[in-house]
Amino acid sequence: MATYCEWTCDSCGYMFETNGPHEFYLGARGERQRYGHSVPRSEEAEKAGVSGLTTVAYCPVCDETHEVVIEEFDPPRNFITCWLGAHDLIEPTCPECGSRLLEELPYVPCLRCANGKLMGGVVKVT
Ligand SMILES: [Zn+2]
Ligand SMILES: [Zn+2]
């Protein structure tokens, strides 16, 4: 269940995307992998279960998007129950500078040109 947004500077045309949340699972070596939506994308994913959620959000200091964990499930949940019940979301912060990452940026000043503002919004919900 992810929302995809596109943000474009109304002056210089700089564009990037934010999207999330995405289910993830832990692979054989403990590495984070996309689980797939709306069905598990592999048998490995299905067996592992959903270990948490990530989001792809924008750091206004680094001027980059990062995919970061916003919730962890221990033990893993299945892909239906992971959306039910209470959620205890972690604020997305930049892994490089620690700033709060932004998932929605309407009217945020563009870092590239300093003239424009970011316009845009939701393009797709899956
Ligand atoms: Zn710009
Ligand atoms: Zn940053």
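General remarks:
- Taking segment 27-62 as the range and being farther than 22 Å from residue 102 by Cβ and in contact with a Pro (Cβ under 8 Å, 6 or more places away or on another chain) as the test, the residues that pass are 46, 48, 49, 50, 51.
- Considering segment 1-36, and only residues there that are within 16 Å of ligand 1 (Cβ to nearest atom) and among the aromatic types (Phe, Trp, Tyr), the residue that is nearest to residue 47 (Cα to Cα) turns out to be 16.
- Exactly one residue among 54, 65 is crowded, with 16+ Cβ neighbours inside 10 Å and within 16 Å of ligand 1 (Cβ to nearest atom), and that residue is 65.
- Qualifying residue in segment 97-114 (condition: farther than 21 Å from residue 5 by Cβ and within 16 Å of ligand 2 (Cβ to nearest atom)): yes
- Options 112, 34: the member that is surrounded by fewer than 17 Cβ atoms within 10 Å (Cβ to Cβ) and without any contact (Cβ under 8 Å) to a residue 40 or more places away in the chain: 34
- Of the strands (runs of 3 or more DSSP E) lying entirely inside segment 30-126, the ones with 2 or more residues being among the aliphatic types (A, V, I, L, M) are found at 50-59, 64-77, 118-125.
- Output for segment 82-126, where each listed residue is within 16 Å of ligand 1 (Cβ to nearest atom), over 18 Å from residue 54 (Cβ atoms) and within 16 Å of the chain's Cα centre (by Cα): 105
- Exactly one residue among 65, 81 is of a type in the set (Ser, Thr, Tyr) and either under 24 Å from residue 40 (Cβ atoms) or in contact with a Pro (Cβ under 6 Å, 6 or more places away or on another chain) (or both), and that residue is 81.
Read-outs throughout are calculated quantities, based only on the coordinates presented, and are distinct from any laboratory measurement. Everything numeric here is computed off the predicted structure, so don't read it as measured data. Using ideal geometry, Cβ is built from the backbone for each residue, glycine included, and neighbour counts are taken over all protein chains shown.
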